[in-house]
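Read through the structure below, which is laid out as structure tokens, and then see the notes.
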Amino acid sequence: MLIPNSVYPSILSLQDGTFYKGWSFFNLSNHFGEIVFNTGMTGYQEILTDPSYSGQLVIFTYPELGNTGLNKEDNESNFIHVKGLVARNISAFCSSWRSNISLKDYLILKRIPHIFGIDTRALTQHIRSFGVMNANIVSYNAYSDYHDIAYQSLDKLDLVKKVTSRNVYKIQAYNHMVTNNSLSIAFNFNNNLIFKKLYTIVIIDFGLKFSIIRKLLLIGCEIYVLPATASYDLILKYKPDGILLSNGPGNPLILTSVINTIKKILYWGNVPIFGICMGHQVLNLALGAKTFKLKFGHRGLNHPSGLNSYAEVTSQNHGFAVARDSLMGNSLLDLLEISQLNLNDLTVASTLHKINPIISVQYHPEASPGPHDSEYLFQVFIKLIELLKCK
């Protein structure tokens with residue numbers, strides 16, 4: 001056990017001058033990020049390793065973290081991507097048959113910036129009132145040295161470039177473990193599982209979650225993961241049956257070269273496309289829509305999405321959204337329809353191309369953590385591929 005003899009007084013300081021006193025399990029240097037909140041009651045391991053949280057300090061609104069520890073199977077990437085963790089309380093002990101290490105020990109072992117003892121209810125209400133902003137966490141003794149630091153907006157940073165894969169790699173459906181220089185995933189497949197047919201899927205990696213890979217493997221896909229910088233020619237070189245645009249962090253408007261590449265695929269590729277989260281935003285930008293930054297984003301496991309008396313409970317994690325007004329223009333009305341809205345604030349949750357086999361969702365159909373109401377969308381994607389092949 002990596003239990004220290006004491007805790008260290010720390011400060012969470014917001015850009016607007018508000019600050020909160022708390023504690024950490026080791027002495028903190030200064031750690032800066034955009035502060036956001038997640039309302040999920042579970043999933044701290046997935047959140048810590050989700051590339052979509054790159055550059056962010058995450059407030060966990062659920063008051064007690066760490067009761068089930070962490071295991072070797074639920075990571076969403078090979079790295080810690082959050083800039084820091086903010087909690088009401090972190091359990092020193094854990095109890096789960098799957099657990100390999102407690103959250104407390106993991107924070108100490110990986111030196112993950114964190115602060116606890118915070119009134120997360122008051123802090124979340126503050127963010128809801130004034131919007132997401134930058135913040136830093138630092139030890140109490142060093143607080144005066146960083147009190148008046150200049151904050152840099154994450155909206156102007158290309159965070160996708162930071163988290164995307166550096167090289168192309170291939171994953172096949174019969175692998176139970178994939179290991180190379182950039183990837184190591186355990187899948188826990190049934191050894192008797194037989195795949196009837198393989199579909200070649202190219203994933204453009206904007207900050208890909210392992211769970212998306214798992215879902216595609218389970219329905220019989222051979223996968224090529226390409227960096228976000230991949231060219232039009234490189235993407236089509238792999239002769240994809242379908243293209244998936246993954247989740248990822250940051251402002252989609254920064255990705256101008258990516259958007260231009262997607263435009264070429266839309267007009268010349270004749271390939272089914274499935275966009276998830278950042279992929280949804282990039283795809284709609286390529287089609288001519290606009291995006292905007294939400295006041296405090298959607299991050300949680302119980303966001304209702306639907307339309308016309310139909311709703312699904314979805315897992316969401318994003319700070320930007322497709323502007324609904326931009327989809328009402330005459331040209332886009334001929335191409336796209338809004339198939340779902342976020343029923344909390346009526347922002348766009350899903351779009352569907354009226355002519356071509358193109359779908360996109362702002363939420364996470366792979367969940368992990370979260371409800372599986374939308375898992376069927378991976379089957380819909382495969383069905384689009386089959387229909388195009390039959391023509």
Item checked: Residue (of ILE80, ASN342, PHE116) at the positive-pole extreme of the chain, dipole from beta-carbon charges -> ILE80
Notebook entry, point to check: What is the set of long-range amide H partners of SER350 at a cut-off below 5 Å, with H atoms built 1.01 Å from backbone N?
Noted result: SER339, GLN340, GLN362
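Determine, from the Cβ-Cβ distance of LYS295 and GLN172 and an R0 of 41 Å, the FRET efficiency 1/(1 + (r/R0)^6), rounded to the nearest 0.05.
Details: r = 43 Å, r/R0 = 1.05.
Efficiency, from the Cβ-Cβ distance: 0.45.
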Check: Given H placed 1.01 Å from N in the peptide plane, which residues other than close sequence neighbours of LEU244 have an amide H under 5 Å from its amide H?
Finding: VAL202, ILE203, ILE204, PHE274
Item checked: Alpha-carbon centroid distance for the pair segment 338-358 / segment 39-66, whole angstrom -> 26 Å
Item checked: Percent of Cα pairs exceeding the 33 Å cut-off, where the set is the chain -> 31 percent
Checklist line | Among beta bridges that DSSP assigns inside the chain, antiparallel share in %, nearest 5 | finding: 60 percent
Check: What list of ³J(HN,Hα) couplings, whole Hz, do you get for segment 276-292 from phi and the Karplus terms 6.51, -1.76, 1.60, once you set θ to phi - 60° and write x for glycine and proline?
Finding: 10, 6, 4, x, 4, 5, 4, 4, 5, 5, 5, 7, x, 7, 10, 10, 8
Check: For TYR151 and ASP334, what is the calculated FRET efficiency with R₀ set at 45 Å and r taken between the beta-carbons, to the nearest 0.05?
Finding: 0.60
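What dipole magnitude, in Debye to the nearest 20, does the chain give about its Cα centre under +1 on Lys/Arg Cβ and -1 on Asp/Glu Cβ?
Magnitude of the dipole: close to 660 debye.
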Note to self: Through the Karplus equation 6.51 cos²θ - 1.76 cosθ + 1.60, θ set to phi - 60°, convert the phi angles of segment 81-91 into ³J(HN,Hα) values in whole Hz; use x for Gly and Pro.
What the structure shows: 10, 5, 7, x, 10, 10, 9, 6, 8, 10, 5
Next item on the list: List LEU245, LEU218 from most exposed to least, where exposure is judged by having the fewest other Cβ atoms within 10 Å.
Entry: LEU218, LEU245
Notebook entry, point to check: For labels at LEU234 and TYR140 in the simple 7 Å Cα→Cβ model, what's the distance in nm?
Noted result: 5.0 nm
Item checked: Set of lysines with alpha-carbon distance to LYS156 below 26 Å, sequence-local pairs under 8 removed -> LYS83, LYS209, LYS263, LYS264, LYS290, LYS293, LYS295
Item checked: Residue with peak Gaussian network fluctuation, the chain [Cα springs, cutoff 10 Å], from ARG214, ARG128, ARG98 -> ARG98
Next item on the list: Specify the residue with the greatest mean-square fluctuation among LEU198, LEU352, LEU109, computed from a Gaussian network of the chain linking alpha-carbon atoms under 10 Å apart.
Entry: LEU109
Checklist line | Residues whose placed amide H lies under 5 Å from that of ASN134, excluding near-sequence neighbours | finding: GLN15, ILE35
Next item on the list: Starting at the first residue of segment 116-125, write each ³J(HN,Hα) from the Karplus equation 6.51 cos²θ - 1.76 cosθ + 1.60 with θ = phi - 60°, in whole Hz, x for Gly and Pro.
Entry: 9, x, 8, 6, 5, 5, 5, 5, 5, 4
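We did not get these values from a lab; they are worked out from the coordinates using the rules stated. In this text, all values refer to a predicted model and were calculated from it rather than measured experimentally. Here Cβ is always computed from backbone atoms with ideal geometry, including for glycine, and neighbour counts include all displayed protein chains.
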